[in-house]
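All remarks here apply to the structure that follows.
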Amino acid sequence: MADQEKDVFGRVDALMRRNAAVGTETGSVPILTDLIDDGGKLKDELAHEVFRRVMLQVEGRLSHDLEARLAQHLAPQIHAAVISALTDLRQELANAIGDAVHEALAARKTNP
């Protein structure tokens with residue numbers, strides 16, 4: 001298959017050279033075999049681009065799945081921590097209010 005492709009590209013290049021204007025060269029203009037036969041550079045660039053795109057897609061899916069799993073697993077723990085903190089704050093608030101009322105009553109008794 002690769003030999004057939006090279007043969008087709010070679011024929012097209014020959015046709016382009018034959019039909020080029022008299023007195024011009026194709027040396028400054030890349031021809032098909034120049035683009036394909038670049039020592040593997042094009043293949044390397046293509047492989048790198050494919051890898052980059054696949055990784056972006058996979059990372060996008062993984063980050064979404066990871067976020068969903070974390071939310072599913074951490075939500076009960078976060079909920080429990082919030083309830084515990086609110087319970088502690090309610091008790092501290094109740095104690096602070098009680099202390100303030102007690103101090104106000106004590107101050108009122110000393111300053112009638």
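Computed values, structure above
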| quantity | calculated |
| --- | --- |
| Per-residue HN-Hα couplings for region 68-85 [Karplus 6.51, -1.76, 1.60; θ = phi - 60°; Hz; x = Gly/Pro] | 5, 5, 4, 4, 5, 7, 8, 4, x, 5, 5, 4, 4, 5, 5, 4, 4, 5 |
| Phi-based couplings in Hz for region 91-98 (Karplus 6.51, -1.76, 1.60; Gly and Pro marked x) | 5, 5, 5, 4, 5, 5, 5, x |
| Simple label model, 7 Å out from Cα along Cβ direction - L89 to D7, nm | 8.1 |
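Laboratory data are not the source of any read-out in this text; all were calculated from the coordinates shown. What you are looking at is a predicted structure, and each value in this text was computed from that prediction instead of being measured. Counting neighbours? That spans all protein chains shown, and the Cβs are built from the backbone with ideal geometry, glycine included.
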